[in-house]
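Notes follow once the structure below has been shown.
The values are calculated or read from the model by the stated rules, or taken from the named source; none is laboratory data. Note that the structure is a prediction, hence the values are computed from the model and not measured. When we count neighbours, we look across all protein chains shown, and the Cβ atoms used for this are built from the backbone with ideal geometry, even at glycine. When the accessible area is computed, the model is the full protein with side chains, heavy atoms only, and any ligands, DNA or RNA have been set aside. Shrake-Rupley method; radii C 1.70, N 1.55, O 1.52, S 1.80 Å.
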Amino acid sequence: FNTLIPLSVAYADADGVIVQITDMSPCLSQEARGCPQDDYRAVAPFQYGLEVNQGYFAARDIGVGDRIEYQREAR
């Protein structure tokens, strides 16, 4: 809802392993309840969701079973 561009979302478990990647199209409804929800539910338990421009994962051959890693910046 209120997203104007197509997205791909990687759902990852607590270890950062991608359990599902879902492509999402912009919802044109003026209200959240007018947007699809069941189409975007994760099929496995997850802890993280990483949203990127649609096609990002496919263009980089990133898929289910790959791991997302990140480092926090020192403050």
Considering only protein heavy atoms and a 1.4 Å probe, what is the carbon-and-sulfur percentage of the accessible area of the chain? 47 percent
Per-residue ellipticity at 222 nm for the chain, helices alone: DSSP H runs ≥ 4 residues times -39500 (n - 2.57), over residue total, nearest 500 deg cm²/dmol? -1000 deg cm²/dmol
Give me the number: length gained by fully extending Asp61 to Asn2, i.e. 0.36 nm times residue separation minus the C-alpha to C-alpha distance, one decimal in nm. 18.4 nm
Computed on Cα atoms, Rg of the chain relative to 2.2 N^0.38 Å comes out at 1.21
How do 48-61, 5-18 rank on mean C-beta neighbours within 10 Å, highest first? 5-18, 48-61
With a 1.4 Å probe and all protein chains left in place, how much accessible area per residue does the chain have, in Å²? 80 Å²
